[in-house]
Structures are given as structure tokens and as C-alpha cells.
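Chemist: My questions all concern the structure below.
The values are calculated or read from the model by the stated rules, or taken from the named source; none is laboratory data. Here the structure is a predicted model, which means the values were calculated and not measured. In this analysis, Cβ positions are derived from the backbone assuming ideal geometry, glycine residues included, and neighbour counts consider all displayed protein chains. Just so you know, the surface numbers come from the protein's heavy atoms only, side chains and all, with ligands and any DNA or RNA stripped out. Shrake-Rupley method; radii C 1.70, N 1.55, O 1.52, S 1.80 Å.
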Amino acid sequence: MFLVYVIAPIGQSIAISFYDWDGIGAKTFIGIENYIELWDDEAFYTSLYNNVLWLALYMLAVPAGLMIAIFLNQTVTGIRIYKSLFFFPFVISQIVVGLIFSWFYAPNFGLFTKLLEFLGFEGIAVLADERFVTYGIIAAGLWPQIAYCMILYLTGLNNVSPDQIEAARLDGAKGWKMLWYVIIPQLRPATFIAVVVTIIGALRSFDLVSIMTSGGPYGSSRVLSYYMYEQALSEYGFRMGYGASIAVVLFAIMMVFITLFIVRMLKDEREGY
């Protein structure tokens, strides 16, 4: 199943990137011409920059999810209600998240504008301003992503060894030292999944961009996955080969980050042993 639905399509995408093809007619082999065109494509560099920005800011979901999980990992009255509230963003569709934040940022009736006006500032049309639009979409994406990381860490905290915690307390460890030297090392499996999923989520950030801005204004909020769609499948292109070359670049970036993280994690584990 993995070979048919994952490995084979990756190979096909790489192969298609060397052709000029509209998806229906005959393919024309053009070698690396699609990649040469990417090199001089300003829209590609805008999309690449936005993806790097997504990746840098999206990683905030991992420590934020950990902090919330630690806060919720206690047995007090009503804690299940709080867990449900924090869990809620994860169970709703990304499309719904995009619509909610589009209304939140609306310049005429949105809550964000009302808050700025209440604090004495002038309202900002976040999704219509090239300076702020990408940050606004990333904030929308962080809402469910933090909830996902929180769930992973809550599961991991349930598996933390109470014997090690008790031994650390007897040695005088508490607060940040307890967290850094005792709890976090036991959360490595959860951290691995959280980081990998967050990297993938940041680099394939398509649905929120599509719903909230369609890549606008003037293409300033495009990311590589959305630009790939525009070139390969939208009314702008039907250039399957060019779209595939963008997909190959996106896949390569994703693999570099995930490989570096896996290598570092394995190195830390060997040093730990």
C-alpha cells in the first residue's frame, strides 16, 4: 500500500517534472527546463519565502502545545471541560478554521478590528495588506496545530515514569530543572511526531491560503503548495510539468528538514545511552 500510494506517486511526480504536459495531451520531454524557469520565477521565490516563514513560526506550536499539556495534566475539578475546549480546534475542519479567521480579521465587523479600535489603534485589513496577510494566515493555522501538539504531549505525559520524577524530587530537582532534565527526555517520541507533523503541516499549507486569500493580495500570500495548484490544476495553467517541478522542490525541502531532525534525535539518543 505504501509503495503504491506514496513511493510510486513521488517517482511519477519527479518524472513528470521533466516534461511539458497539460495533463491530457501528449507529453514533450524538455529536460530540466521547468527547473530553469523556476530559477527566474519571482512568484516561486515569494512562495518559497512564505513557506520558510510558515515553517519558522509554525514551530511555535510545539512548545506552546507542551506548555498547555503540562497545564492540563492535573487532576482538579472541571479539568475535562478545559481539555475539551483546548481540543476543539483540532476536531474542526481547516476550511471552518479559515472561515472563522476570515470573519475575525474582517475590517468592517471583525473582532480583531474591534479590539484594535477599543485599544485606541486604527483597524487593519489583515488579509488585504501584503505586510500582514501571511502572518494572519499563520496565526489561523497555529490555532489547531497547537491543539494537536497538546494532544500528543498529554498522551506522552501519561506515560512519564513516576519513579523517575520521585527520584528527581529526592535529589532536589523542581521547576524548570525537573521539566528539562526529567520530563522532556521522556517525551521524545511525542516530540518527534509533533515536530515532523508540524514541519509537514507548515510546508503543505494549502487549504487556509485557498480559503482565506486565494494567494492574494497580488500573490503575496502564496505558498509552494498553492502555487503548484495554480500552475498545474487551476485556470491559470494546466502546466502539469511545471507544477510537478514545484512539488519536487517542496518535497526536497521537507525531506531535508525531517532528515536533519531524525539524525539529531538519533544522535541525542545514542549519547544518552
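Condition check ((1) assigned to a helix (DSSP H, G or I); (2) of a type in the set (Lys, Arg); (3) modelled with pLDDT under 90) across all residues:
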site	(1), (2), (3)
225	yes, no, no
228	yes, no, no
236	no, no, yes
241	yes, no, no
244	yes, no, no
247	yes, no, no
257	yes, no, yes
260	yes, no, yes
266	yes, no, yes
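Chemist: So residue 67 ticks every box in (1) open to solvent by 80 Å² or more (accessible area, probe 1.4 Å); (2) farther than 18 Å from residue 198 by Cβ but one. Which box is left unticked?
Modeler: Here residue 67 clears every test but (2).
Chemist: Within the stretch 202-210, does at least one residue satisfy the condition of being part of a loop (DSSP other than H, G, I, E, B), in contact (Cβ under 8 Å) with a residue 60 or more places away in the chain and open to solvent by 10 Å² or more (accessible area, probe 1.4 Å)? Reasoning before the result, please.
Modeler: First pass over the stretch 202-210, keeping only residues part of a loop (DSSP other than H, G, I, E, B): 204-206.
Filter once more, keeping what is in contact (Cβ under 8 Å) with a residue 60 or more places away in the chain: 205.
Keeping just the survivors that are open to solvent by 10 Å² or more (accessible area, probe 1.4 Å) gives none.
No, there is no match, as no residue in the stretch 202-210 is part of a loop (DSSP other than H, G, I, E, B), in contact (Cβ under 8 Å) with a residue 60 or more places away in the chain and open to solvent by 10 Å² or more (accessible area, probe 1.4 Å).
Chemist: In addition: Given the conditions (1) part of a loop (DSSP other than H, G, I, E, B); (2) in contact (Cβ under 8 Å) with a residue 40 or more places away in the chain; (3) of a type in the set (A, V, I, L, M), and given that residue 137 satisfies all but one, which numbered condition is not satisfied?
Modeler: Looking at each condition in turn, residue 137 falls short on (1).
Chemist: Taking the residues in the stretch 28-60 that are over 26 Å from the mean Cα position of the chain (by Cα) and free of Cβ contacts under 8 Å to residues at least 40 places away in the same chain as candidates, determine which candidate is surrounded by the most Cβ atoms within 10 Å (Cβ to Cβ).
Modeler: Top of the filtered list is 33.
Chemist: Only one of (1) over 26 Å from residue 48 (Cβ atoms); (2) out of contact with any helix residue (DSSP H, G or I) (no Cβ under 6 Å at 6 or more places or on another chain); (3) of a type in the set (A, V, I, L, M) fails for residue 128. Which number is that?
Modeler: Unmet for residue 128, out of (1) over 26 Å from residue 48 (Cβ atoms); (2) out of contact with any helix residue (DSSP H, G or I) (no Cβ under 6 Å at 6 or more places or on another chain); (3) of a type in the set (A, V, I, L, M): (1).
Chemist: Output the number of the condition that residue 76 fails; it satisfies all remaining conditions of (1) over 24 Å from residue 253 (Cβ atoms); (2) assigned to a helix (DSSP H, G or I).
Modeler: Residue 76 satisfies every listed condition except (2).
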